[in-house]
Amino acid sequence: MSELEIDTSAKKLVAATFGRGVWDVDLLEFVKKDTNTASISFNTHDLKISVFPNPVLDKLTVALSNHGNKKFKARIVDISGRNIQSFWVNSNTFTINTEDLLPGSYFLELEFGNRRQVARFLKE
């Protein structure tokens, strides 16, 4: 990973990687749910992705709106662009076990047909 930037004026999260291109997602909001839990939400083409708690210790919850319960592929990618885990999902809300991840920054990629959405999370 060469750079990660939040462009607040354009409301975008931009990630540039070595050899894997540049990704960007519309950044909807950062919401503090309480003093111990934070969530970050992304909205692209009317699909809202929320990941929480962020940072995460052992269980990351992912909530989608406007998804329609269609089956899609999910991947966890580390900051260097390496695929850590891939799995199929067909639910608007699901939990990912993050106990085996090393502390650091990760991306959750969700592939819906020819569309790809990316959400960032931190593992403590």
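The values are calculated or read from the model by the stated rules, or taken from the named source; none is laboratory data. This is a predicted model, so every value here is computed, not measured. Neighbour counts are summed over all protein chains in view; Cβ atoms, including those assigned to glycine, are modelled from backbone coordinates with ideal geometry.
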Qualifying residue in region 79-87 (condition: touching a strand residue (DSSP E or B) at 6+ places or on another chain (Cβ under 9 Å), of a type in the set (Phe, Trp, Tyr) and at pLDDT below 90): no
Among (1) assigned to a strand (DSSP E or B); (2) within 18 Å of VAL56 (Cβ to Cβ); (3) not acidic (Asp, Glu) - the single one TRP88 does not satisfy: (2)
Selection count, region 52-64, where residues are surrounded by 14 or more Cβ atoms within 10 Å (Cβ to Cβ) and either among the hydroxyl-bearing types (Ser, Thr, Tyr) or assigned to a strand (DSSP E or B) (or both): 7
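Okay, residues lined up against (1) of a type outside the set (A, V, I, L, M, F, W, C); (2) surrounded by 11 or more Cβ atoms within 10 Å (Cβ to Cβ); (3) touching a residue at least 60 places away in the same chain (Cβ under 8 Å):
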site: ILE79; (1), (2), (3): no, yes, yes
site: THR93; (1), (2), (3): yes, yes, no
site: PHE112; (1), (2), (3): no, yes, yes
site: ARG115; (1), (2), (3): yes, yes, yes
site: LYS123; (1), (2), (3): yes, yes, yes
Residue in region 19-32 that is in a loop (DSSP other than H, G, I, E, B), modelled with pLDDT under 65 and under 19 Å from ASN114 (Cβ atoms) present: yes
